[in-house]
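Only one structure is covered here, and it is reproduced in the block below.
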Amino acid sequence: MKTKRGKIKALIFDMGGVLAGANHHGKIEPVSDDIHVQISKALGIGLDTWIDAIDSSYAKSIEGKLSPGKTKSIISRNLHILPRTLEKKVLQVYKKLFSQNKKLYDYAIRKKKEGYKIAILSDQWPFSKKALFLPNLMKKFDAVVVSCDVGMRKPNPKIYRLTTNKLKIKPKEAIFIDNREWNLKPAKKLGMKTVLFRNNRQTIKDIENILG
């Protein structure tokens, strides 16, 4: 393995804003709250109505406290629309706004071929997970940990440990890449090396500097 003194064994990537995001002239950026604006428009309702409809269901579903079916049922009932109609329109918006960060995906696969393990650690609710986590891409990763599946979310230290446990490595043997500084802090405390994603060039450079 081509690691500096054999220390780093795995690269762990966030999804939204890192492996997927808004594509502005080839630059991946977070979609932020614009996703909710666009969903409300797609449904033909006001933003306030959409926010009221998802209310606590949104946060609970991200943490896995509500199943995908229950989440869809509650929101569709609040909006008086069919669950299948809700899902179809929400997924269409996610797929329209988010682009795969092909350059970073390709980089991750190259590192895997060099002997590193690669993983995804991401906070998602059922709709975004279904839209962004494409099976043909996910099967290339050694571990995929999504908050709505495991019942916890960043910055809970347990979800970072769960990811390293799945990779069968120690936290100090991993590099965690995220676009939010507050999500990097728990990783650092556990002993992980961290990289704040700003753009592909900077991120790849920072990772390579750590690997040595």
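Every number in this text was worked out from the coordinates using simple rules, so none of it is lab data. Just so we're clear, the structure is a prediction, and the values are computed from it rather than from any experiment. Quick reminder, even Gly has a Cβ in these numbers, built from the backbone with ideal geometry, and neighbours come from all protein chains shown.
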| message | Given a 10 angstrom Cα cut-off, can you work out which residue in GLY151, GLY44, GLY16 is the most mobile in a GNM of the chain? | response | GLY44
| field | Among TYR107, TYR94, TYR116: highest mean-square fluctuation, GNM of the chain, C-alpha pairs under 10 Å | value | TYR107
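For LEU47 and SER73 in the same chain, what is the full-extension length gain: residue separation times 0.36 nm, less their Cα-Cα distance, in nm?
7.4 nm
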| note | From the Cα centre of segment 51-68 to that of segment 175-195, the distance in Å is 26 Å
| Along the positive direction of the dipole of segment 34-97 (beta-carbon charges: Lys, Arg +1; Asp, Glu -1; about the Cα centre), which of TRP50, ILE35, GLN92 reaches farthest? | GLN92
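Write out the GluC sites (Glu not before Pro) in segment 117-212 meeting two conditions: DSSP loop, and at most 15 other Cβ atoms within 10 Å of their Cβ.
Values: sites: GLU173, GLU181, GLU208; in loops: none.
Here no GluC sites (Glu not before Pro) fit, given the DSSP loop and packing criteria.
Rounding to the nearest 20 debye, state how big the charge dipole of the chain is about its Cα centre with +1 on each Lys and Arg Cβ and -1 on each Asp and Glu Cβ. Mind dumping the intermediate values first?
Details: 44 positive and 19 negative charges, 236 e Å.
Dipole magnitude for the chain comes out near 1140 debye.
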| task | Return the single residue from ASN179, ASN78, ASN200 with maximal mean-square fluctuation; model: Gaussian network over the chain, springs between Cα atoms under 10 Å. | result | ASN78
